[in-house]
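Here's the structure we're looking at; comments come further down.
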Amino acid sequence: MERKKAYNVAIAGATGAVGQEMMQILEERKFSVGELRLLASERSIGKKYSFCGRDLTVSLLEKDSFCDIDIALFSAGSERSRKYADFAVKSGAVVVDNSSAFRMDPEIPLVIPEINAPAVTLHTKKGIVANPNCTTAVTLMALKPIYDVSKIRRVVATSFQAVSGAGAGGIAELESQVREWSELKEAPQETNAFPHRIAFNLIPHIDSFTETGYTKEELKLHNETRKILGDDSILVTATTVRVPVFRSHSVSLNLETEKKVTVEEAREAIKDFPGVSLVDDPENLNYPMPVDSSEKDDCFVGRIREDYTVKNGLCLWVSGDQLRKGAALNAVQIAELLVGNHV
Ligand SMILES: NC(=O)c1ccc[n+]([C@@H]2O[C@H](COP(=O)([O-])OP(=O)(O)OC[C@H]3O[C@@H](n4cnc5c(N)ncnc54)[C@H](OP(=O)(O)O)[C@@H]3O)[C@@H](O)[C@H]2O)c1
């Protein structure tokens with residue numbers, strides 16, 4: 001991308017959970033933004049937001065929204081990405097897409113900057129860079145330091161995913177159900193964002209079921225892990241669970257490595273890896289939790305222990321803010337790579 005003093009940025013889906021986080025992160029990281037164009041649906045036309053002391057108004061996402069835009073950050077869902085990303089590219093913008101629309105396209109890079117940054121510059125053929133699924137991003141931040149010590153053969157993952165992973169509607173649903181419960185002392189019945197009540201419940205179902213019995217969310221972990229690590233031999237089997245937590249996904253990981261990796265080696269590797277913090281002091285009750293990882297950039301890893309049931313097995317636990325590392329932060333980091341301002 002041509003070097004400029006400031007870049008015109010559009011956020012498609014600016015009013016949503018990820019879009020709002022993107023605005024905050026662009027400001028926090030002092031990304032050199034010229035114009036910031038906020039785009040959303042008809043419902044949001046005219047809504048006002050403040051960015052770096054400027055008052056901005058939301059306009060409609062449409063084909064002609066991207067004139068003079070350098071970077072278009074998409075967070076308006078797969079349907080909108082499929083419909084409008086090409087128009088953004090034709091207008092001269094590079095698209096960083098948060099949806100699943102393009103992730104598995106072999107000509108489109110799927111990037112976590114700490115893990116496979118060179119992919120951004122190698123394959124920008126279609127003018128689109130894809131951001132991974134939020135659970136995949138948090139999981140890989142924990143796995144990659146260990147993968148660098150020894151290849152990982154197989155991973156068994158169980159996720160504990162926050163309601164904000166389902167967007168602003170998911171947050172509102174947990175809030176209203178908890179309020180209803182505490183005020184009326186009865187179980188709320190109405191559900192919109194989730195297939196069942198989420199307050200005081202766990203739902204082992206995220207995204208739609210496939211004929212394999214796995215959900216799409218579970219298969220994304222397998223497929224996207226392989227693409228990001230560039231390793232078609234790694235196996236990932238997952239159970240993804242929605243939990244009544246507002247923010248930050250956590251994942252329990254059981255893995256088998258090719259060579260033995262000791263707990264100490266794993267801890268050292270995690271300590272040294274950018275974007276990851278080790279919190280592994282169970283004696284003093286220190287382990288990663290969503291209340292601590294929320295609104296943080298790093299993913300937190302702990303509960304590292306040898307799995308005594310297999311030859312080269314490790315168990316660990318990661319908690320990371322999926323609105324940040326699983327979406328908005330990762331997208332802005334990709335934008336930084338695109339403009340050459342490496343993180
Ligand atoms: N939430 C996460 O943790 C997370 C993590 C990784 C990836 N993602 C992905 O990021 C995307 C956004 O997720 P989110 O959680 O931010 O969802 P969200 O809170 O529901 O926000 C959706 C955004 O899309 C806009 N939108 C919806 N329909 C539209 C239309 N027809 N035309 C224009 N804009 C439209 C909404 O605008 P209005 O306000 O006007 O309706 C809103 O700005 C999704 O693809 C999601 O899979 C989310």
At a Cα cut-off below 16 Å, give the lysines reachable from LYS83, other chains included and same-chain residues fewer than 8 away excluded. LYS63, LYS126
Reach of LYS90 by Cα under 12 Å, taken over aspartates and glutamates that are not fewer than 8 positions away in the same chain: ASP64, ASP68, ASP70
Taking H as built 1.01 Å from N, whose amide H comes closer than 5 Å to the amide H of VAL236, not counting residues under 5 places away? VAL155
Convex hull volume of the Cα atoms in the range 136-322, per residue, in Å³? 135
Rounding to the nearest 20 debye, state how big the charge dipole of the chain is about its Cα centre with +1 on each Lys and Arg Cβ and -1 on each Asp and Glu Cβ. 580
About its Cα centre, the range 136-322 carries a charge dipole, from +1 on Lys and Arg Cβ atoms and -1 on Asp and Glu Cβ atoms, whose size in debye to the nearest 20 is 460
Accessible area in square angstrom per residue, the chain, 1.4 angstrom probe: 46
Any idea what Rg and Dmax come out to for the range 156-266 if you just take the C-alpha atoms, in Å? 17.1, 56
Please report the carbon-and-sulfur percent of the accessible area for the range 3-83; probe 1.4 Å, protein heavy atoms only, DNA, RNA and ligands left out. 45
Quick one: of LYS144/LYS325; LYS144/LYS259; LYS216/LYS260; LYS144/LYS227; LYS216/LYS259; LYS185/LYS216, which pairs are farther than 25 Å apart, Cα to Cα? LYS216/LYS260; LYS216/LYS259; LYS185/LYS216
Anisotropy class of the range 106-169 from Cα gyration tensor, a/c 1.5 cut: oblate
Amide H to amide H, which residues 5 or more places from ASP307 or on other chains are under 5 Å from it, using H placed in the peptide plane? GLY313, LEU314, CYS315
Listed by chain and number, the aspartates and glutamates with an alpha carbon less than 20 angstrom from that of LYS311, same-chain partners under 8 positions apart left out, are ASP148, GLU256, GLU258, GLU264, GLU265
Volume in Å³ per residue [convex hull over Cα atoms, computed for the range 1-61]: 82
Residue-span extension gain [ASN192 to SER208] - 0.36 nm each, minus C-alpha spacing: 4.3 nm
Hey, what do the phi angles of the range 272-281 turn into as Karplus ³J(HN,Hα) couplings, whole Hz, using 6.51/-1.76/1.60 and θ = phi - 60°, x for Gly and Pro? 8, 8, x, x, 10, 10, 8, 10, 9, 9
At 222 nm, what helix-only mean residue ellipticity would the chain give, in deg cm²/dmol to the nearest 500, using -39500 (n - 2.57) for each DSSP H run of four or more? -9000 deg cm²/dmol
With +1 on the Cβ of every Lys and Arg and -1 on the Cβ of every Asp and Glu, and nothing else charged, how large is the dipole of the range 1-90 about its Cα centre, in debye rounded to the nearest 20? 60
How big is D, in µm² s⁻¹, for the chain by Stokes-Einstein at 20 °C and 1.002 mPa s if Rh is the Kirkwood radius over C-alpha pairs? 104
Label-point gap, in nm, between SER233 and SER176 - each point 7 angstrom along Cα→Cβ: 5.1
Over the range 136-322, what percent of the accessible surface lies on carbon and sulfur atoms, probe 1.4 Å? 51
Amide H neighbours of ALA72 under 5 Å, at least 5 residues apart or on other chains, H built in the peptide plane: list them. ALA10, VAL94, VAL95, VAL96
Integer Hz, Karplus 6.51/-1.76/1.60 couplings in order for the range 55-61, x for Gly and Pro: 8, 10, 10, 6, 10, 6, 6
If you take the charge dipole of the range 58-141 about its Cα centre, with +1 on Lys and Arg Cβ and -1 on Asp and Glu Cβ, which of THR139, LEU73, PRO113 is farthest toward its positive end? THR139
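The values are calculated or read from the model by the stated rules, or taken from the named source; none is laboratory data. A quick note: this is a predicted structure, and the numbers were derived from the prediction, not measured. We place every Cβ from the backbone using ideal geometry, glycine too, and count neighbours over all the protein chains shown. In case anyone asks, the SASA skips ligands and DNA or RNA and just uses the protein heavy atoms, side chains included. Shrake-Rupley method; radii C 1.70, N 1.55, O 1.52, S 1.80 Å.
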